[in-house]
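The values are calculated or read from the model by the stated rules, or taken from the named source; none is laboratory data. This structure is a prediction, so every number in the text was calculated from the model and none was measured. All Cβ positions, even for glycine, are placed from backbone atoms using ideal geometry, and neighbour counts span all protein chains on display. Accessible surface is based on the protein model in full, side chains and every heavy atom, while ligands, DNA and RNA are left aside. Shrake-Rupley method; radii C 1.70, N 1.55, O 1.52, S 1.80 Å.
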Amino acid sequence: MIGGLDFSVVRDNLSYFFIGRYPKGPLGGVGLTLYLAVVSLALSFIGGLILGLLSVSRNRLLRYGSMAAIQTIRGMPLLMVIFWMFFLLPAMLGGGMTASWTIIVALTLFTSAYMSEIVRAGITGIPKGQMEAAISTGLSHGQAMIHIILPQALRNMIPSFVNQFVSMIKDTSLAFIVGVSELTQIATQINNRTMLYPTEIFIFIAVIYFIICFAFTELSRWLERRLAYRKAI
Amino acid sequence: MIRFEGVHKWFDKLHVLNNINLHVRSGEVVVVCGPSGSGKSTLIRTINDLEPINEGKLLVDGKDLSDKKTDINKMRAEIGFVFQQFNLYPHLTVLRNITLATMKIRNLSRKDAEEQAMTLLKRVGLPEKRDAYPSQLSGGQQQRVAIARGLAMKPKIMLFDEPTSALDPEMIGEVLQVMKDLALSGMTMIVVSHEMGFAREVSHRIIFMDFGTILEEAPPEEFFKNPQHDRAKQFLKQILSPMH
Ligand SMILES: Nc1ncnc2c1ncn2[C@@H]1O[C@H](COP(=O)(O)OP(=O)(O)OP(=O)(O)O)[C@@H](O)[C@H]1O
Ligand SMILES: [Mg+2]
């Protein structure tokens, strides 16, 4: 008992909170939350990079096309993207899509749009003398992008990427709407089953979300320090 | 080597290059001077197509830059460009700054590229800085590395856009010395600079620009002793005055 709260409900369901029915059944809880977040992160990193590069492309069609797509997605609430995917993807692919993958696709689409803005800002933030110097040595525009601009831009983008990732971890909680048994869904289930300890249960998962997000923020600080350029003596 | 024939260039309505006619021969060292905004940077940036021209003809090493068939990337590999702000790659070491293009474009092995880079670093007097990052170097040292980076491609032409204007006075000499050696080695050079000592010592010709045109063109002795135009006289007085 802590301050009149009874956390035994958490203790009794601890493994269910963390891994769902795994290994007997599918992965759930914190494990699934992290899985959704990490897979969507990896995919939206790639998606953001591609969209971001397209949005600074010298080809007008690619540039305006990608910018229109980015703005459209940014103009939608995430919940709507999830519903769209939930109803649209099975229709398009003829079923066969698990709810988890629906969420991954929705999160990837949504986060790619935001990541691409970070990528674009990162690229345009590199002084234009860098591109000029690189192409002056005979490198093509693409080679200069890969060897000179992106390595510098990506380093500057790390903090924004991590921000985006941290919001994505929290956004995975919306997956409970389509019945994916990640942390929030599990909490709701346990709460519906026991009915007596909503405060305890939701305090607990709030703490878990906080710890995960905090850990990733710290990780990024560490990464940033490690990748920082050597400063002048 | 480089031939401008009736070249014009506009930035929107601003006429930055107005009917430029100029021929620079192989091995020639040309210094370009003139007041701020007269189009000096734009002039040399057209030579490696950092600024495309709008009208006229520009031939570099026999190739027409406006011709769609000209491979611009290949052209640029033959032309070294040194910027006022150095523009070294801050995320790469001095050595990698120099070897990047030779490895990617000349297809040198890492070993050969590094050997060549070391030879160049010795030439500019900085072999011990091979593993330093640009931010650990002084301005003068950075500019010397930038020159080495340009030379690594074994260019036929070297272009310099005010290579010493961003430097503290005590570092100007070391950069000019490298450029003088280069000039004496027979490199074709176009140098935008107000370093009249350098112009007097090693240049074959001085070009004075004003409002996008070449107002005067003469060997250094002649230009300094007997400038033809009032604008050039005025400019020289300003730049050579002890107060400057
Ligand atoms: N990218 C650009 N877009 C629009 N105007 C430009 C651009 N670059 C230069 N200009 C303008 O063109 C004119 C000539 O510029 P340029 O840089 O060639 O002059 P400059 O002789 O090199 O001057 P400085 O001695 O100050 O370097 C200036 O009025 C400048 O403001
Ligand atoms: Mg200039």
Return a yes/no flag: does region A:152-162 have any residue that is among the aliphatic types (A, V, I, L, M), more than 14 Å from every other protein chain (Cβ to nearest Cβ) and either part of a helix (DSSP H, G or I) or surrounded by fewer than 22 Cβ atoms within 10 Å (Cβ to Cβ) (or both). yes
Subset of region B:124-163, residues outside any helix (DSSP H, G or I) and open to solvent by 10 Å² or more (accessible area, probe 1.4 Å), comes to B:125, B:130, B:131, B:132, B:133, B:137, B:138, B:154, B:155, B:156, B:161, B:162
Here the residues within region B:102-123 that are facing chain A (nearest Cβ under 10 Å) and open to solvent by less than 10 Å² (accessible area, probe 1.4 Å) are B:102
Which condition number does residue B:5 fail, the rest of (1) open to solvent by less than 70 Å² (accessible area, probe 1.4 Å); (2) assigned to a strand (DSSP E or B) being met? (1)
Which residues, taken from region B:171-187, are assigned to a helix (DSSP H, G or I) and either within 12 Å of chain A (Cβ to nearest Cβ) or out of contact with any helix residue (DSSP H, G or I) (no Cβ under 8 Å at 6 or more places or on another chain) (or both)? B:173, B:177
Residue within region B:4-16 that is in contact (Cβ under 8 Å) with a residue 12 or more places away in the chain, within 16 Å of ligand 2 (Cβ to nearest atom) and touching a strand residue (DSSP E or B) at 6+ places or on another chain (Cβ under 8 Å) present: yes
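Output yes when any residue across region B:13-21 is more than 28 Å from residue B:239 (Cβ to Cβ) and not in a strand (DSSP E or B), and no when none is. Give the steps one after another, and end with the answer.
First pass over region B:13-21, keeping only residues more than 28 Å from residue B:239 (Cβ to Cβ): B:13.
Filter once more, keeping what is not in a strand (DSSP E or B): B:13.
Yes: region B:13-21 contains one or more residues that are more than 28 Å from residue B:239 (Cβ to Cβ) and not in a strand (DSSP E or B).
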Starting from region B:30-46, keep only residues that are within 14 Å of another protein chain (Cβ to nearest Cβ) and touching a residue at least 40 places away in the same chain (Cβ under 8 Å), then list their pairs with residues that are assigned to a helix (DSSP H, G or I) and within 10 Å of ligand 2 (Cβ to nearest atom) whose Cβ atoms are within a distance under 9 Å, requiring at least 6 positions of separation or different chains. none
Would you confirm whether or not region A:191-201 contains a residue that is without any contact (Cβ under 8 Å) to a residue 12 or more places away in the chain, surrounded by fewer than 17 Cβ atoms within 10 Å (Cβ to Cβ) and at positive phi? yes
Determine if region B:51-59 includes at least one residue that is free of Cβ contacts under 8 Å to residues at least 24 places away in the same chain, part of a strand (DSSP E or B) and not polar (S, T, N, Q). no
Considering residues of region B:40-74 that are surrounded by 17 or more Cβ atoms within 10 Å (Cβ to Cβ) and among the charged types (D, E, K, R) only, the residue nearest to ligand 1 (Cβ to nearest atom): B:40
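Among the residues of region A:136-148 satisfying the criterion of being surrounded by 21 or more Cβ atoms within 10 Å (Cβ to Cβ) and part of a helix (DSSP H, G or I), which is farthest from the other protein chains (Cβ to nearest Cβ)? Steps first, answer last, please.
Filtering region A:136-148 down to residues surrounded by 21 or more Cβ atoms within 10 Å (Cβ to Cβ) leaves A:136-139, A:144, A:148.
Then drop every residue that is not part of a helix (DSSP H, G or I), which leaves A:136, A:144, A:148.
Values: A:136: 4, A:144: 10, A:148: 6 Å.
Once the filter is applied, the top-ranked residue is A:144.
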